[in-house]
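The values are calculated or read from the model by the stated rules, or taken from the named source; none is laboratory data. The structure displayed is predicted, hence computed values, not measured ones. Every residue, glycine among them, receives a Cβ derived from its backbone with ideal geometry; neighbour counts consider all protein chains shown.
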Amino acid sequence: MQLPRVVISAPHRSSGKTTLSIGLCAALTKAGYTVQPFKKGPDYIDPMWLSAATGRECRNLDLFMIGEENIKRSLQIAGTGADISIVEGNMGLYDGMEVDGKGSTADLARLIEAPVILIIDTGNMTRSIAPLILGFKNFEPDVNIAGVILNKVSGPRHESKLRAAIERYCDVEVVGAIPRSSEIGIIQRHLGLKPAKEDEAAMATIASIGTLIESHVDLDKLVNIAKAARILPEIAAAAAAHPTPTVRIGIARDRAFTFYYPENIEALEAAGAELVPFSPMYDEHLPLDLNGLYIGGGFPEVFMGELEDNRSIREQIRIAVEAGMPVYAECGGLMYLARGISWEGITREMVGGIPCDILMHEKPKGHGYIKLTTTGDSWMKSDIEITGHEFHYSEVVNLGDVKFAYKLSRGKGLDGRNDGIVYRNTLASYAHLHSLGAPQWADEFVALIKHIGNL
């Protein structure tokens with residue numbers, strides 16, 4: 001299968017790879033290319049910007065959560081029909097969980113046989129760029145570093161020195177040189193980039209970045225590098241079910257709740273669900289004729305005033321929980337279902353659907369990959385191993401008498417041992433699951449909804 005593709009990486013964090021990836025997606029799309037974005041790792045926020053820049057859903061390629069075969073399949077399914085796939089890496093090229101680099105961006109690039117473009121912060125170097133590039137090329141020679149983009153170039157003289165050193169010592173293409181710029185202002189927050197869905201100026205920001213990249217990166221050269229990627233053995237796609245929907249699941253979607261993997265939505269639809277969006281911030285009532293609720297992650301603490309003010313929908317959700325409606329909630333969804341959130345000395349009432357309170361902290365209480373084993377005390381079958389991730393600054397306090405859906409062998413979860421509060425037919429956890437790493441999740445949730453509703 002011929003899939004033009006390129007991985008965007010860097011020697012270290014904060015080199016500019018996210019800005020470059022967004023800008024490339026915007027500039028190539030403006031130039032008439034159909035661009036399929038991907039993001040290495042479990043991140044939700046970068047993919048929102050990449051999706052907005054291309055008009056296509058960004059897919060996460062995460063070795064820990066979904067495994068090698070699913071990565072190859074996802075790349076091929078989503079990449080089919082696109083002129084080029086842009087894969088944004090994470091951390092530095094060779095940074096990973098293990099000393100041998102397992103799980104690194106280099107590991108991913110090798111798996112999908114994609115050429116790598118390194119963006120290098122050149123703010124304080126000239127000739128030293130040559131040994132840096134040579135070191136990266138020679139460290140793992142089977143990783144194809146096919147080009148570099150120079151970032152934070154101070155002027156023409158600086159650029160000429162950098163290019164001269166690379167031309168003399170390094171067998172690598174210079175694909176572009178981006179000047180030092182203060183024009184781009186994606187707002188930073190405690191969990192990385194501000195979600196595009198929260199930023200009213202998102203499209204203007206994307207256009208600005210795209211114009212910058214269009215002016216300083218050789219797009220034709222980059223596309224040619226992507227087209228030179230090796231032909232991949234075709235992987236058969238899993239047969240997709242397209243049943244007539246038999247259940248209606250309300251899905252919380254507004255600025256407070258934005259963290260959803262597209263594969264999770266697709267898995268629920270394949271299991272026979274119709275997803276009906278609603279806003280916990282602004283809608284006075286839940287949609288009619290719902291059989292279940294799905295409340296994903298996000299930043300409810302940022303919008304806790306608006307969420308508290310919407311008393312009518314909070315009360316409807318609380319009544320639905322007490323009545324036994326199946327509800328699945330992750331992280332921000334768990335926080336919203338609690339009795340209240342306390343942050344920076346202020347406490348706001350939330351749904352009160354599960355017996356606990358939420359206390360926010362300045363530093364993360366759980367951050368990284370997690371391994372779970374289902375207990376059988378929820379609607380999920382017992383003794384199933386699941387991989388996922390967590391990133392939360394909050395902790396659950398004053399927890400009442402509940403059961404737990406998961407035992408942890410890695411991660412923090414609720415208390416270092418357990419995760420997944422089970423109350424009536426609600427499952428609320430800090431764990432973010434991906435349907436390709438928890439393939440039974442969607443089918444079992446829809447099966448519970450059908451059972452409860454006699455559907």
Number of the exception - Y261 against (1) at pLDDT 95 or above; (2) among the hydroxyl-bearing types (S, T, Y); (3) more than 20 Å from A53 (Cβ to Cβ): (3)
Per the filter on segment 175-197, residues closer than 26 Å to V153 by Cα, at pLDDT below 60 and surrounded by fewer than 17 Cβ atoms within 10 Å (Cβ to Cβ) are S182, E183, I184, G185, I187, Q188, G192
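Yes or no, residue by residue, for (1) among the charged types (D, E, K, R); (2) without any contact (Cβ under 8 Å) to a residue 12 or more places away in the chain; (3) crowded, with 17+ Cβ neighbours inside 10 Å; (4) out of contact with any strand residue (DSSP E or B) (no Cβ under 7 Å at 6 or more places or on another chain):
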| position | (1), (2), (3), (4) |
| --- | --- |
| N291 | no, no, yes, no |
| I295 | no, no, yes, no |
| G352 | no, no, yes, yes |
| D357 | yes, no, yes, no |
Return yes when R253 is crowded, with 20+ Cβ neighbours inside 10 Å, closer than 22 Å to L288 by Cα and of a type in the set (K, R) and no when it is not. yes
Name every residue in segment 16-37 that is crowded, with 21+ Cβ neighbours inside 10 Å and of a type outside the set (V, I, T), in order of residue number. K17, L20, S21, G23, L24, C25, A26, A27, L28, Q36, P37
Just one listed residue, out of E301, E269, E306, E263, is of a type outside the set (S, T, Y) and more than 21 Å from the chain's Cα centre (by Cα), and it is E306
Of the numbered conditions (1) under 30 Å from E266 (Cβ atoms); (2) at pLDDT 95 or above; (3) out of contact with any Phe, Trp or Tyr (no Cβ under 8 Å at 6 or more places or on another chain), L61 satisfies every one except a single condition; which is it? (3)
Would you check which residues across segment 359-384 are crowded, with 16+ Cβ neighbours inside 10 Å and polar (S, T, N, Q) and list them? T374, T375, S378
Is there any pair with a first residue in segment 114-139 that is on the phi < 0 side of the Ramachandran plot and surrounded by 16 or more Cβ atoms within 10 Å (Cβ to Cβ) and a second that is small (G, A, S) and part of a helix (DSSP H, G or I) whose Cβ atoms are under 6 Å apart and which are 6 or more apart or on different chains, and what are they? V116/A109; I129/A165; A130/A165
Got a sec? Which of M281, M325 is in the same structural domain as S409 (by TED's automatic domain parsing), in contact with a helix residue (DSSP H, G or I) (Cβ under 7 Å, 6 or more places away or on another chain) and not in a helix (DSSP H, G or I)? M281
Would you mind telling me which numbered condition in (1) at pLDDT below 90; (2) not assigned by TED's automatic domain parsing to the domain that holds T18 E200 fails? (2)
